Amino acid sequence: MSDSQRIPPPRRALWRDLRHLLAYTVKRLLALLLTVLVSVYLTIVIANMGGRVDELRLVQIRSEAAEAVRADPAFLDMPGEERHALIERRVSLEVERLRLDQPFLLRSVDYLQRAMRLELGRAEQMHSDRGSREVYDIIVERLPATLLLFGSANLLVFFTSVFVALTLSRRYGSALDRGVIALAPTSAAPGWFYGIFLILVFAFVIPLLPAGGMVAAPPPEGRWEYAASVLRHMLLPLAAMFLSSIFVSIYSWRTFFLIHSSEDYVEMARAKGLPSHLIERRYILRPTLSPIVTSFLLMLIGLWSGAIILEQVFNWPGLGSLLFRAIGHRDTPVIIGAVVIFAYLLAATVFLLDILYALLDPRVRLEGGRR
Amino acid sequence: MNGGRWRDGWRELRRYPSALVGMVIIAALVGLSLYTVVAIPYPEALDKWRGGEPWRLHPVNAGPAWADRLSGGRQARTLIVGRGAEVEEAPFAGGRRLRMALAFDYDFDGFPSEINLFLRAEGHEQRPFARLLWQAPDGREISLGGHRIGREDRVSISQDRALERRLGGRVPHIGLLAEPDGEAMPRVQKGRHVLLLDAVVFDDRAGIDAELVLYGRVHGIAGTDHQRRDLRLALLWGTPVALAFGLLAAVGTTVTTLVIAAVGVWYRGWIDAVIQRLTEVNMILPVLPILVMVGTLYSTSIWLMLGVVVVLGIFSASIKMYRAMLLPIREAPYIEAAQAYGASNLRIVMRYMIPRILPVLIPTFVTLIPTFVFLEASLAVLGLGDPVLPTWGKVLNDAQSQSALYNGYYYWVVSPAVLLMLTGLGFAMLGFALDRVFNPRLRSL
């Protein structure tokens, strides 16, 4: 053992750990900021079709201005020349307002820095349910719906599957175990696919539950009735997501636990005659904690992007269906805004992952930012 | 190099019933695609799926015939009457009188879904005139009015509101074929119905053609959609499209990812760093929103989508996994030996590093295929399906936009969904079994 690796006294060790952790955090934050920057910029370029959307918009502005002037009775007896000049003036005003006269490259950089500061600007066509045209308001209004549905579904799947997998790995080879393994391939289908069937069965064949939406119309008055209505509407999408991912998730966790419970130190603990719950907690779960946390957060990442279709199928008023509508309206500020929020949420998830990793995995703590 | 390993793998794979079932499903799907591509050539499929004229003799929203047979009822099939009907001729000054009897035996339990009469009169200078008379088996005669016949005419008997009123408020395709007992639930009057066509023609030679179509409530093995198109076409052609999309996307993403991971591991230094950073950027890029964006703003062509999927998949998160597998291989003695004999970098990467982890990759590859098949379907369900190609996802999308479930056309949703599910299950079952065979960590269990 070399000198540098000799174990230092505890207080200094704590300092060293904190210093390493800090260096690591800063480094990760910078890297993530950079990645968010790049991905948001890419989105801006794609959403503007590299500037081609502007040409479409110019045509639209011109035709709208011409229409407005022609329809206004005040300008009815204006000579053609003058009217033309008026239209031109209005077009140039609008172009200046939307800053279409500047080259796209310049504007894209400007978009980028405003997007990064979460100044998402005003929507072109859409507005929030409260009537606001601010992109930020539109998105924030939809965020809770997505978080509620996907958060609860994923938590449910995660905890159920880890728990069931632990039980199954204890009864490895039993009929239940084989049954779950046989069912694992059903997860090839995504949630919306099961959603269609669930709607078919529970909303049309046996009309028990609503086919879509988030609350009954009109929304119930009392707080409890409101919550009950939301819960009733949540049941089917929740079940769809649960069905589509539970078996494969159990399968992979079960395999994972099986591999780790055949490690030598676990065999050793068993040979010592330790009770099985102690073995599970101390010898299986503790060393595997960081992969478990990792996969939990990776699952959260998958959650952000998978939302569009399920929300669309169930008519759930979340971020996904908002994004879909925005793309349909060619409302670039909303598209970019939604992707920026997506990117920030993803980055936050990744960051959280890194920090937890650092806390759970002693190697990161010891080596700091050097990886 | 490791042929023995493959053979062992195959022998072991045969022990898993799920793998066998998966392979049977995949083989069936491949066979179905081959049959489809041969039986219905690509241009013909596209042309037909555009809808319109080729489908005028098909019913709207008819269910599959086998479902009707299973439920025991005898729903109406489509009846086409008129080809080769006898024509009585009676000449008079300045023209002829033609009488045509379009007779058919109706003995289904259910009513047809629609009745149309297609009339054709070609080569006439003056348009002929026809009077229509319906004769029921019990001798009742119902006048369907007169029509001047153009070159190609379609008489929508079902849409005749005046006739509907005369039939006591019953839609003509029910009223004409029902017992005249005025009960709330109309019953079919079985027997020989005749549509008498009494035409006056102002030409010496040119005749007229008539075709009476009683559209059924069931059609073929897959039913039809709202545009009278036979769903069989879309279900059949969906198979090769889905398989091709899934396979190409899976090959495209896994191979490129693998090569890039191997290159990064082999060269190390800044190349590796760049690859790592790109992977991180790509992890943050939301794939589906970008696909939706490309689909709405540029084009929804399936090949463009495939390209975008592959491009976005190149720097996917699996690079990290491959890296972890490749890192120990890089230090293996046989690589050093290859370097010693002077193997080029490219040779080491392609011939020595990548083949080593291929077996571990195969299960991932196989399970990846259905993901892409479903991705294509997902895009189509969002309305971003290929504009001309019939696919399963597009059938689902049509069904959804026509509220198929609400209207009770379950077959419309269920049949593409079953095919999708079969594809998913087939590949997933094989993939999971392969995983257990080829994954060394699992093999010891």
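Say we join alpha carbon atoms closer than 10 Å with springs in a Gaussian network model of chain A; which of A:Pro207, A:Pro275, A:Pro144 then has the biggest fluctuation?
Largest GNM mean-square fluctuation: A:Pro275.
How tilted is helix B:302-314 with respect to the longest principal axis of chain B? Cα atoms for both, answer in degrees (0 to 90, nearest 10).
It works out to around 20 degrees.
I'd like the mean, over residues of B:382-393, of how many other protein chain beta carbons sit within 10 Å of each residue's own Cβ.
Values: counts 8, 3, 2, 0, 0, 0, 0, 0, 0, 0, 0, 0.
For this peptide, the per-residue mean of nearby foreign Cβ atoms is 1.
Mind giving me the nanometre distance, one decimal, between the label points for A:Val201 and A:Leu166, set 7 Å out from Cα along Cα→Cβ?
3.0 nm
For chain A, what does the alpha-carbon gyration tensor say about shape, rounded, prolate or oblate, given a ≥ b ≥ c as the root eigenvalues, a/c under 1.5 as rounded, and a/b over b/c as prolate?
It is oblate, given that a/c is not under 1.5 and a/b is not larger than b/c.
What is the Rg over Rh value, at two decimals, for segment A:144-360, using alpha-carbon atoms and the Kirkwood definition of Rh?
1.05
Residue by residue, what Karplus-based ³J(HN,Hα) values in Hz, rounded to whole numbers, does segment A:112-122 have, using 6.51, -1.76 and 1.60 with θ = phi - 60° and x for Gly and Pro?
The phi angles translate into 4, 5, 6, 4, 5, 8, 6, 8, 8, x, 9 Hz.
Relative contact order, percent, of segment B:1-131 when contacts are C-alpha pairs under 8 Å separated by at least 6 residues?
16 percent
For segment A:65-128, what class follows from the C-alpha gyration tensor (a ≥ b ≥ c being the square roots of its eigenvalues): rounded when a/c is under 1.5, otherwise prolate if a/b is larger than b/c, else oblate? It would help to have the intermediate numbers written out before the result.
Numbers: a/c = 5.48, a/b = 2.20, b/c = 2.49.
Here segment A:65-128 falls in the oblate category.
Based on alpha-carbon centroids, what's the gap between segment A:191-257 and segment B:326-348 in Å, whole number please?
Centre-to-centre (Cα) distance: 53 Å.
Please list B:341-353, A:252-264 highest first by mean number of surrounding beta-carbon atoms within 10 Å per residue. All intermediate terms of the calculation are to be shown ahead of the outcome.
On the way: B:341-353: 13.7, A:252-264: 17.8.
The most tightly packed comes first, giving A:252-264, B:341-353.
Please report the relative contact order for chain B, taking Cα pairs under 8 Å with a sequence separation of at least 6, and give it as a percent rounded to a whole number.
Numbers: 727 pairs, mean separation 97.5, N = 445.
For chain B, the relative contact order is 22 percent.
Considering only the other residues whose Cβ falls under 14 Å of the Cβ of B:Leu382, what net charge follows from Lys and Arg at +1 and Asp and Glu at -1?
Net of charged neighbours comes to -2.
Quick check on chain A: helices-only [θ] at 222 nm, where DSSP H runs of length 4 and up contribute -39,500 (n - 2.57) each and the sum goes over total residues. Nearest 500, please.
Details: 14 runs with 260 residues, N = 371.
Using -39500 (n - 2.57) per qualifying helix, the result is -24000 deg cm²/dmol.
Near A:Val248, within a Cβ-to-Cβ distance under 13 Å, what is the net charge of the other residues, with Lys and Arg +1 and Asp and Glu -1?
Numbers: positive: A:Arg254; negative: B:Asp435.
Net charge in that neighbourhood comes out at 0.
Alpha carbon centre of segment B:203-275 versus segment B:102-175: separation in Å?
40 Å
Please list the equivalent ellipsoid semi-axes of chain B, computed as the square roots of five times the alpha-carbon gyration tensor eigenvalues, in descending order and whole angstrom. Intermediate results must be reported in sequence, preceding the final value.
Values: eigenvalues 827, 101, 68 Å².
Gyration-tensor ellipsoid for chain B: 64, 23, 18 Å.
Amide H of B:Trp134 versus every other amide H placed in the peptide plane: which residues, excluding those fewer than 5 positions away on the same chain, fall under 5 Å?
Answer set, sorted by chain and number: B:Ile142, B:Ser143, B:Leu144, B:Leu196.
Over chain A, what is the mean sequence separation of C-alpha contacts under 8 Å (at least six apart), divided by residue count, expressed as relative contact order in percent?
27 percent
Per-residue HN-Hα couplings for segment B:105-115, Karplus 6.51 cos²θ - 1.76 cosθ + 1.60 at θ = phi - 60°, whole Hz, x for Gly and Pro?
Along segment B:105-115, the couplings run 9, 10, 9, 7, 7, x, 8, x, 8, 5, 10 Hz.
Over all Cα pairs of segment B:76-215, how is the pair count split among 10 Å bins, expressed in % and running from 0 up to the last occupied bin?
12, 43, 30, 13, 2
Checking a compactness column here: for the protein assembly as shown, what do you get for Rg(Cα) / (2.2 N^0.38 Å), N being the number of residues?
Rg over 2.2 N^0.38 Å, computed on Cα atoms: 1.20.
Among A:Phe204, B:Phe372, A:Phe314, which comes first, second and so on when ranked by fewest other beta-carbon atoms within 10 Å?
The fewest-first ordering by Cβ neighbours comes to A:Phe204, B:Phe372, A:Phe314.
Would you grab the residues whose amide H sits under 5 Å from the one on B:Ala222? Only those 5+ places off in sequence or on another chain, please, with H modelled 1.01 Å from N.
B:Ala65, B:Arg232
Apply the Karplus curve 6.51 cos²θ - 1.76 cosθ + 1.60, θ = phi - 60°, to the phi angles in segment B:232-248 and return the couplings in whole Hz, x for Gly and Pro.
Rounded to whole hertz, the list is 3, 4, 5, 5, 5, 6, x, 4, x, 5, 4, 5, 5, 4, x, 5, 4.
Laboratory data are not the source of any read-out in this text; all were calculated from the coordinates shown. This one's a predicted model, so the numbers in the text were calculated from it and none came from an experiment. Methodologically, a virtual Cβ is constructed for each residue, glycine included, from the backbone with ideal geometry; neighbour enumeration extends over all protein chains shown.
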